[in-house]
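Below: the structure, in structure tokens.
The values are calculated or read from the model by the stated rules, or taken from the named source; none is laboratory data. Everything numeric here is computed off the predicted structure, so don't read it as measured data. For neighbour counting, all protein chains shown are included, and Cβ atoms are generated from backbone atoms with ideal geometry for every residue, glycine included.
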Ligand code: EPZ
């Protein structure tokens with residue numbers, strides 16, 4: 001099992017390249033199931049979650065692999081086992097997004113109920129509500145969701161996908177993918193507006209789907225009789241980009257971050273500017289410059305275009321060093337605070353009060369052995385280690401490898417001192 005040893009404090013400088021977006025690539029890999037033939041994603045990131053999804057697609061009957069240039073090929077001509085096995089699904093929540101495409105393609109699908117995870121419960125009730133509205137019969141059998149389309153196929157409908165925490169990203173993906181092959185028109189109200197959902201919709205339209213309202217909370221989908229596979233890159237990963245923007249700010253550095261689009265990071269840039277960072281668009285991404293005191297800021301996570309929950313932990317590491325007190329409120333996953341206790345071990349002063357954390361800024365963080373718990377909390381501990389005095393040891397680095405491609409190589413390339421050690 002790998003650990004990271006991180007020497008700090010460090011100054012960073014130079015350019016970091018952001019990979020293709022994990023949360024766009026995963027549902028787009030599922031969309032490949034809608035069309036017999038070969039889909040190619042030229043820039044699918046090389047991550048543990050992507051490899052898990054490749055295994056899942058292969059278990060369904062697809063032929064999956066990367067060519068020598070690293071392009072990901074998915075041939076979904078043969079789908080002979082439309083079953084998402086528990087052993088695979090339990091490791092990755094995103095597996096649930098094979099439900100919609102397989103229901104539309106095969107008429108019947110079984111997918112294991114995803115378990116909970118470190119960031120909280122991960123219900124799928126809204127997914128199921130949406131697929132039922134399209135005419136599917138859905139029932140639970142031994143921990144598996146079984147979904148069956150009516151004999152004549154799915155039928156378009158008006159569907160509301162709002163829930164207690166806003167819309168659902170993968171739920172919108174599931175229902176939108178199923179609706180592309182339904183008879184008639186589907187209107188999804190309270191659709192998720194995340195850029196990764198929009199990227200999937202553009203991908204589906206390139207395959208021959210007819211989706212309007214992309215990027216808005218109201219999607220109108222006219223069903224078609226077939227879709228064709230395409231070759232198309234995914235957008236840059238805005239969460240990886242935001243993580244590196246915080247790396248620049250927490251180390252009082254200047255970084256050029258390539259392959260990201262500030263137009264889909266307005267809330268993130270707003271909070272960075274509010275704490276005193278300079279964030280400027282660059283031709284292929286952005287520049288982030290931080291020098292001087294980090295100002296306090298209040299952050300509330302919300303559905304897009306609000307502040308993304310996937311950057312909450314990273315900003316907590318930054319605000320732990322602010323010149324004043326901040327309040328972070330988590331409105332998407334109220335329990336997404338596994339990083340609080342670990343950062344307090346590094347001499348941060350964080351106090352959880354329900355869905356809020358009071359962040360009392362401290363002069364400095366002190367290196368310590370800490371435990372990674374989930375993908376983004378782990379990245380936050382790496383960021384804290386860049387600024388902490390001494391050598392921070394982060395255990396269970398496999399959490400980070402789920403969503404960041406060679407994070408230590410990218411950060412070392414701009415001046416960090418991170419050692420990956422197999423213990
Ligand atoms: C996606 O998860 C992302 N994952 C998550 O990123 C991200 O944190 C999340 O969206 C929110 O932005 C992928 O895209 C693979 P949701 P998803 O359904 O779709 C509740 C990462 O770090 N809800 O939008 O599973 C749910 O409990 C990961 O890359 C229901 O109540 O999230 C949560 O409180 C972590 N019923 C809220 O909605 C449902 O049927 C948002 O969940 C579905 C969701």
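Residues that are modelled with pLDDT under 95 and either touching a strand residue (DSSP E or B) at 6+ places or on another chain (Cβ under 8 Å) or crowded, with 20+ Cβ neighbours inside 10 Å (or both): does region 353-360 have at least one? Yes - at least one qualifying residue is present in region 353-360. Among residues of region 162-175 that are assigned to a helix (DSSP H, G or I), those with a Cβ under 7 angstrom from a residue that is within 6 Å of the ligand (Cβ to nearest atom) and at pLDDT below 95, sequence gap 6+ or separate chain, pair up as 170/94.
With respect to (1) loosely packed, with under 15 Cβ neighbours inside 10 Å; (2) free of Cβ contacts under 8 Å to residues at least 12 places away in the same chain, the lone exception for residue 78 is condition (2).
The set of residues from region 183-206 being out of contact with any helix residue (DSSP H, G or I) (no Cβ under 7 Å at 6 or more places or on another chain) and over 23 Å from residue 301 (Cβ atoms) comprises 183, 184, 185, 187, 202, 205, 206. Looking across region 1-20 at every residue that is over 24 Å from the mean Cα position of the chain (by Cα) and within 14 Å of residue 409 (Cβ to Cβ), the one that is surrounded by the most Cβ atoms within 10 Å (Cβ to Cβ) is identified as 6.
When 267, 322 are checked against the criterion of being touching a residue at least 24 places away in the same chain (Cβ under 8 Å), part of a loop (DSSP other than H, G, I, E, B) and within 21 Å of residue 255 (Cα to Cα), a single residue qualifies: 322.
Filtered by the rule that a residue be crowded, with 19+ Cβ neighbours inside 10 Å, away from the ligand (no atom under 13 Å from the Cβ) and within 30 Å of residue 192 (Cα to Cα), region 307-339 gives 315, 316, 317, 318, 319, 326, 328, 337. A residue that is more than 28 Å from residue 237 (Cα to Cα) and surrounded by 19 or more Cβ atoms within 10 Å (Cβ to Cβ) occurs somewhere in region 91-104. Restricting attention to region 205-213, does a residue exist that is crowded, with 17+ Cβ neighbours inside 10 Å and under 20 Å from the mean Cα position of the chain (by Cα)? Within region 205-213 (the criterion being crowded, with 17+ Cβ neighbours inside 10 Å and under 20 Å from the mean Cα position of the chain (by Cα)), the answer is no, since none of the residues qualifies.
May I ask you to say which residue of 105, 122 is within 27 Å of the chain's Cα centre (by Cα) and within 8 Å of the ligand (Cβ to nearest atom)? Outline the logic, then answer.
Numbers: 105 fails: within 8 Å of the ligand (Cβ to nearest atom).
Answer to the check: 122.
Quick one: is residue 166 assigned by TED's automatic domain parsing to the domain that holds residue 30 and either within 22 Å of residue 25 (Cα to Cα) or at pLDDT 95 or above (or both)? The answer is no for residue 166.
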